[in-house]
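The values are calculated or read from the model by the stated rules, or taken from the named source; none is laboratory data. For clarity, every value in this text was computed on a predicted model and none was experimentally measured. Quick reminder, even Gly has a Cβ in these numbers, built from the backbone with ideal geometry, and neighbours come from all protein chains shown.
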Amino acid sequence: MGRQFGHLTRMRHVITYSLSPFEQRAFPHYFSKGIPNVLRRMRASALRVVPPFVAAYLIYTWGTQEFEKSRRKNPADYENDM
């Protein structure tokens with residue numbers, strides 16, 4: 001069986017290149033290009049994302065306040081109860 005796994009057949013005219021995992025850089029340009037790119041994308045999409053969240057927050061707070069108001073009794077209804 002003189003051949004090892006991975007070298008079972010001989011392919012002609014095929015060139016393969018590989019890079020050792022020890023020579024690869026895990027996070028190339030992470031701080032110089034990655035973080036500024038994230039900030040640019042956030043700035044570009046802020047006008048599409050922020051207004052719906054603000055509207056939802058305002059509607060939620062308004063609904064909560066109205067609910068709390070509706071749970072209270074009106075003191076004017078009980079002025080002459082003696």
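May I ask you to list the residues in the stretch 4-29 that are among the aromatic types (Phe, Trp, Tyr) and under 32 Å from the mean Cα position of the chain (by Cα)?
The answer is 22, 27.
Does residue 58 fit the bill of being surrounded by fewer than 10 Cβ atoms within 10 Å (Cβ to Cβ) and in a helix (DSSP H, G or I)?
Considered against the rule, which asks whether it is surrounded by fewer than 10 Cβ atoms within 10 Å (Cβ to Cβ) and in a helix (DSSP H, G or I), residue 58 comes out as no.
Yes/no matrix, rows are residues, columns are (1) loosely packed, with under 10 Cβ neighbours inside 10 Å; (2) part of a loop (DSSP other than H, G, I, E, B); (3) not small (Gly, Ala, Ser):
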{"position": "9", "(1), (2), (3)": "yes, yes, yes"}
{"position": "12", "(1), (2), (3)": "yes, yes, yes"}
{"position": "17", "(1), (2), (3)": "yes, yes, yes"}
{"position": "22", "(1), (2), (3)": "yes, yes, yes"}
{"position": "37", "(1), (2), (3)": "no, no, yes"}
{"position": "46", "(1), (2), (3)": "no, no, no"}
{"position": "51", "(1), (2), (3)": "no, no, yes"}
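Answer yes or no as to whether residue 37 is over 30 Å from the mean Cα position of the chain (by Cα) and either modelled with pLDDT of 95 or more or not hydroxyl-bearing (Ser, Thr, Tyr) (or both).
Considered against the rule, which asks whether it is over 30 Å from the mean Cα position of the chain (by Cα) and either modelled with pLDDT of 95 or more or not hydroxyl-bearing (Ser, Thr, Tyr) (or both), residue 37 comes out as no.
Could we say that residue 28 is at negative phi, of a type outside the set (Ser, Thr, Tyr) and either surrounded by 10 or more Cβ atoms within 10 Å (Cβ to Cβ) or touching a residue at least 24 places away in the same chain (Cβ under 8 Å) (or both) here?
no
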